[in-house]
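Shown next, in structure tokens, is the structure this report addresses.
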Amino acid sequence: MHLSCKELLEFVQPHLTKTRYEHTVRVTETALILADRFGSNPELTEKAAILHDYAKYKPKEDMERWIISDRRLPKDLLNHHHELWHGPVGAIMLEKEIGLADTDIKSAIACHTSGKKNMSVMDKVVFLADYIEPGRGFSGVEEVRETAEANLDQACLQALSNTIQFLTNKSRSVYPDTIHAYNDLLEIKKI
């Protein structure tokens, strides 16, 4: 994949609503600030941020087919809310559709909603940028933004904790990768 960031924005725009495209632009801007602050490769981070929601509005049935047919996608995704699917499925779709080969970019796209164990700095930056971009206004986001000024791991831990609490308060299942990401960051904090 040899597309510039401008070309990638042009590529994703028709696949997103106007509001979601504006969100993508804000996530990208936020990710670049975090990349600079915490030492993530800016070019790769920018591309991952631009592409993170590519599959957000793909038909649920299409994403389900991808999960069933692609051996790299965990089948347990089917047991959880379809809002989780667009990250992992999108990473694979982009590989097929535009030749996205960079494993770091694919990883950041795949785990931007759920998190995962052993997240790279770029994974954390894209995950956090998606959570704290300026258009977000839910309970707890301000505290995470403040923490993100100085501590990437702690900010991700807070975001994961908020997500887990939100889901459990609504009696919804929590994807195992989210629990693994939380536990992993908790261990890092203790070290």
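The values are calculated or read from the model by the stated rules, or taken from the named source; none is laboratory data. Because the structure is predicted, anything quoted here is derived from the model rather than measured. When we count neighbours, we look across all protein chains shown, and the Cβ atoms used for this are built from the backbone with ideal geometry, even at glycine. When the accessible area is computed, the model is the full protein with side chains, heavy atoms only, and any ligands, DNA or RNA have been set aside. Shrake-Rupley method; radii C 1.70, N 1.55, O 1.52, S 1.80 Å.
Tell me the residue from Ala35, Ala48 that is in contact with a Ser or Thr (Cβ under 6 Å, 6 or more places away or on another chain) and touching a residue at least 24 places away in the same chain (Cβ under 8 Å), please.
On the way: Ala48 fails: in contact with a Ser or Thr (Cβ under 6 Å, 6 or more places away or on another chain).
The conditions single out Ala35.
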Any hit, the stretch 126-139, residues being among the aromatic types (Phe, Trp, Tyr) and open to solvent by less than 70 Å² (accessible area, probe 1.4 Å):
yes
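Would you check if Leu157 is within 29 Å of Ser4 (Cα to Cα) and crowded, with 16+ Cβ neighbours inside 10 Å? Before you say what the answer is, go through the steps one by one.
On the way: within 29 Å of Ser4 (Cα to Cα): no; crowded, with 16+ Cβ neighbours inside 10 Å: yes.
Spelling it out, it is not the case that Leu157 is within 29 Å of Ser4 (Cα to Cα) and crowded, with 16+ Cβ neighbours inside 10 Å.
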Please find, within the stretch 106-121, the residue that is farthest from Asn183 (Cα to Cα) out of those that are open to solvent by 10 Å² or more (accessible area, probe 1.4 Å) and not in a loop (DSSP other than H, G, I, E, B).
Lys106
Open to solvent by less than 50 Å² (accessible area, probe 1.4 Å), without any contact (Cβ under 8 Å) to a residue 60 or more places away in the chain, within 19 Å of Ser40 (Cα to Cα) and assigned to a helix (DSSP H, G or I) - does that describe any residue in the stretch 93-103?
no
